1. Out of (1) in contact (Cβ under 8 Å) with a residue 40 or more places away in the chain; (2) out of contact with any strand residue (DSSP E or B) (no Cβ under 8 Å at 6 or more places or on another chain), what's the single condition that is false for Ile130?
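Readers should treat all values here as calculations from the given coordinates under stated rules, not as data from a laboratory. Just so you know, these numbers come straight off a predicted model, no measurement behind them. Every residue, glycine as well, gets a Cβ built from its backbone with ideal geometry; the counts of neighbours run over all protein chains shown.
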Amino acid sequence: MSFHETVQHVALSRAAIGLFLAAGLISCSSCSSLDTRPPPDSRPITPFQPSSNFSSQSVIRPLPIQADDSVVRQARFIVKFRQQAALVGLGRTFRQDPAAGRRHYRAWAEDYEALRGLILVGASYSGELILALPPDDPFGRRPDDVLSEVGRIPSLIYIERDSDSFGHSGGPK
């Protein structure tokens, strides 16, 4: 057999092997697609059913984001003010250096009597602030008092209770 004939023979052999493998794969896949019965050891699929001993007390609550653990909160509020130069970048500052963010917030808040004593415990890049009313508030305010007082600040867009800081009865934890 010449070199040229050997090369042709090897090429034909490789082509024949490829065709044989392709035909085998096709026949295997077509046979398995015809059998629609579940495998004998499979169980029927049932939708998820929560345990019957589930209670609202067993709900896992997320950890407060950016919370200063040294501050025990009576109540927390999510507030947003209209764009003010003093608040631009507060979210970034707070995330990078919470103490610097709190100093920045306190300096700005000095102009607003309703914000006195409220502690900055979180800030977002979108401008939301999470303010805490400490349990030992020197002004003796309750959460409803804070909602009312802060609600009168002209630059306020909104204020709402942070649901993570209130129990099921609606009162503070």
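1. Unmet for Ile130, out of (1) in contact (Cβ under 8 Å) with a residue 40 or more places away in the chain; (2) out of contact with any strand residue (DSSP E or B) (no Cβ under 8 Å at 6 or more places or on another chain): (2).
Yes or no, residue by residue, for (1) touching a strand residue (DSSP E or B) at 6+ places or on another chain (Cβ under 9 Å); (2) within 20 Å of Pro154 (Cα to Cα); (3) of a type in the set (Asp, Glu):
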position: Ala75; (1), (2), (3): yes, no, no
position: Ala86; (1), (2), (3): no, yes, no
position: Gly91; (1), (2), (3): yes, no, no
position: Phe94; (1), (2), (3): yes, no, no
position: Arg102; (1), (2), (3): yes, no, no
position: Asp111; (1), (2), (3): no, yes, yes
position: Ser124; (1), (2), (3): yes, no, no
